[in-house]
Amino acid sequence: MRAQFRIRIRIILAGIVLASLLIVARLYFVQIVHGDDYSQKADQQFASGSSGLFDRGSIYFTRKDGTLISAAALADGFLVAINPQTLGNPEDAFSVINSIASSSLSLSHDAFITAAGKKSQVYIEVAHHLTSDEGKSLSALQIKGIQVLKERWRYYPGGTLASQSIGIVSYGSGDTLTGQTGIEDVYNEALSRSGDSLYKNFFAELFSNVGNLLVSARDAREGDVVTTIEPEVQTRLENDIAKVNQKYSSRESGGIIMDPYTGEIIALTNYPAYDGNDLKNADPSLLGNPLVEQIHEFGSIMKPLTMTSGLDSGVITPETTYNDTGCFVVNKAKICNWDHKARGVIPMQQIIVQSLNVGASYVATQLGQEKFHDYFTKLFGQKTGVDLPSESGGMTGNLSKSEQVYYDNMSFGQGIAVTPMQMIRALGAIANGGFMVQPHLVSAIRLDSGITKQLEWSQKVQVFSATSTRETITMMDALDDGPLYDGKAKIETMSVAAKTGTAQLTNGQGGYYDDKFFHSFIGFFPSYNPRFIILLYTQDPKGVKYASETLDATFLDLVHFLINYYAVPPDRGVARLDPSPQATSTNSR
Amino acid sequence: MHNFISRTWSSLPTICFGLVAVLGLSYICLIAVVMNYAALTVSFSQSVKNDEAVVAKLESQYLASVNQITNTNPALAGYEQPVAQVFVPAKSVTALR
């Protein structure tokens, strides 16, 4: 019994000694043999942990077939930091970094040498956004005092594509990267990540917060944002708008393409814009979104709204006639047609087709100030509620004036200033049968929990009757099929409703310039069941007076592109199609 | 009866030690499982992020291609405008035609 006990004790002692030897051997290899490697790794972990890897949800464009394409994502690579206390020769270090990653260096040669001289500091970042290959090459050199660390940053695959709507992230006033403009700002709560890593917290939460572990509030809040912006349509719109702006040396130009029934924004742009990946060279004044922040007097594209208000209230019908005198005086102010010519007794349709200010004033007078106020307050008296930050309201103070001249001016789009988003929403009410929809850019949020949360945008306000909007559409249709673009706008197989607008720009002293204009264009198709409504504008184009000269071709290019891209079926000009593939109609463009 | 109580009383420390050992072992196993799970989750999450970054790069090439095509003048590229457009009835996507 005693001998057995002694043997057991010896076996246990031998085990302990063996284990001790193994530990000592392991310590020898860790501390002596691979000591430098582990030391460097530890330094890197410390530096990386202190800044933390940036994390944020993605924003997606949605192609026409439903495929999601990244509008904002995360890119990963490496950053380079120096430790001035251990860095050897700064000149050599600079030349090595410069030879491998010159485009990523954030410091000039002199700034680098100055930074390397700050011996009281142990960590200074000198280069960012190195590619994986560059990072590995530099890391392989194992230069003392140079650390190559993993880095992640916000990346916009489209560059300038919808940049003002997608927005940017920056530090702002805090010490964390948050959305500052556009969708990045509005949906910051869904896109931002709390940053507490699973590795650090999972075990603690197991004991301290089991409920949160099972049903994570974070997973029900954080996710990716899916927009309604179609990347190819967006590209087309941006290119067309840029061409207009460059051709006429305009101060700015913009456009919106929307589904008039749902309020889904298919594309929107303002030129000039900026590249979200190159904010260092971006003009800060361009970071906002003029489509919702700036207001304009849109001119004659307001006439269809005046006409529909008159028709809806019953004070006029399409058959109503008036005597167009070319000019008239009201409250001591003279209001004239664009060409100062009289047309005599003409029906209402000609007000739209020939864009007659005298005729629009006639409708406003028939409508009366109270009804005019009611209709235009419904149309422009509130913000659209679009999911973009810093939305402005319209300048509609003249709706409270008692002099008729203000109402006459507003009837053809002067003396009332609204945002492009308000304008397309109001004109969308004509396109869709009388309803004001809520324009929006985001359709859904794909939560980290795996659930896709569809956003609710179905709120609609009826402003006009379907009959009155149809009568106005007939007038706008006649413009497109008639004089627009010198008669070349008509598409035999597609009805298109359109209206141009030219407004004088305000001079800031209570008056208007005689030679500076704001051109606008509104159109939708197919006229009586529209898939798309398009609003275009260009501010202060040089060498041209009327919108029909600047925006007609751009509008028609977009219409033809959308018809082809979405395969919008013809709504006229084609005989009833026989099911047999051979029995077809042809049409030349 | 007396023997049973006596035996139970004398083996109580053994039962307690056994219980502590089982609980301790369970605790260590739980830690191991949880740490492995957390490590795997972090690793998977990083892997997904890395893949997403690669996809985003590819998507930027796609968007650049779209931009290039949009900016291309078809006439300069040798294409001609079709002389006619032919409309045909859409085929049903269901089996019932």
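Every number here is computed from the coordinates shown, using simple stated rules; none is lab data. Just so we're clear, the structure is a prediction, and the values are computed from it rather than from any experiment. Neighbour counts are summed over all protein chains in view; Cβ atoms, including those assigned to glycine, are modelled from backbone coordinates with ideal geometry.
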Signed unit charges on C-beta, dipole axis of the protein assembly as shown, positive-most listed residue B:Val34, A:Leu149, A:Leu562: B:Val34
Furthest towards positive pole of dipole, A:Phe464, A:Phe112, A:Val345, structure part the protein assembly as shown, Cβ charges: A:Phe112
Residues A:Met302, A:Met494 arranged by fewest to most Cβ contacts within 10 Å: A:Met494, A:Met302
Quotient of Cα Rg and 2.2 N^0.38 Å for the protein assembly as shown, N being how many residues it contains: 1.33
Calculated from backbone phi, Karplus (6.51, -1.76, 1.60) coupling profile of region A:550-564 in Hz, x at Gly/Pro: 9, 10, 4, 5, 5, 4, 5, 4, 5, 4, 5, 4, 5, 4, 6
Expected-Rg normalisation [2.2 N^0.38 Å, Cα atoms] applied to region B:24-63: 1.93
Region A:292-431 shape via C-alpha gyration tensor axes, a/c threshold 1.5: prolate
Dmax and Rg, reported as Rg then Dmax, of region A:45-151 (C-alpha, Å): 16.8, 58
Filter on A:Lys490/A:Lys516; A:Lys150/A:Lys280; A:Lys334/A:Lys545; A:Lys118/B:Lys49 - keep pairs with C-alpha separation over 28 Å: A:Lys490/A:Lys516; A:Lys118/B:Lys49
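Work out how much length A:Arg6 to A:Ser137 would gain on full extension: take 0.36 nm times their residue separation and subtract the Cα-Cα distance, in nm to one decimal.
That pair, A:Arg6 and A:Ser137, stretches by 41.1 nm at full extension.
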On Cα atoms only, tilt of A:466-481 relative to the major axis of chain A in degrees: 90
At R0 = 41 Å, FRET efficiency that the Cβ-Cβ distance of A:Lys280 and B:Ala75 yields, to 0.05: 0.60
Potential extension, A:Glu492-A:Tyr566 segment - 0.36 nm per residue separation minus Cα distance: 24.9 nm
Lys, Arg +1 and Asp, Glu -1 on Cβ, resulting dipole of the protein assembly as shown about Cα centre, debye, nearest 20: 2080
Pairwise centroid distance, computed over Cα atoms, of region A:242-288 with region A:496-550, Å: 16
FRET efficiency for A:Arg63 and A:His34, using Cβ-Cβ distance with R0 set to 51 Å, rounded to 0.05: 0.50
Region A:406-427-region A:117-151 distance, computed between alpha-carbon centres (Å): 57
Cα shape, region A:385-525, gyration tensor, a/c 1.5 rule: oblate
Rounded tilt (10° steps) of A:35-51 against the dominant C-alpha axis of chain A: 30
Helix A:420-431 axis, angle to chain A major axis (alpha carbon atoms, nearest 10°): 50
Cα gyration tensor shape of region B:21-97, rounded if a/c is under 1.5, else prolate or oblate by comparing a/b with b/c: oblate
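How well do other chains shield peptide A:156-163, expressed as the mean number of their Cβ atoms within 10 Å of each residue Cβ?
So the per-residue partner count for this stretch is 4.
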Gyration tensor (Cα) of region A:487-561, equivalent ellipsoid semi-axes in angstrom: 28, 12, 9
Exposure proxy ranking, count of Cβ atoms within 10 Å, fewest first, for A:Trp457, A:Trp338: A:Trp338, A:Trp457
Residue-wise HN-Hα coupling along region A:234-247, computed from phi with Karplus coefficients 6.51, -1.76, 1.60 (Hz; x: Gly, Pro): 4, 4, 4, 4, 4, 5, 5, 5, 4, 5, 4, 4, 6, 5
Cut-off under 5 Å, modelled amide H: who pairs with A:Val126 long-range: A:Val80, A:Ala81, A:Ile82
Theoretical gain in end-to-end length, A:Cys336 to A:Asn323 [0.36 nm per residue, Cα-Cα removed]: 3.3 nm
Ranking of B:Phe17, A:Phe61 by count of other Cβ atoms within 10 Å, fewest first: B:Phe17, A:Phe61
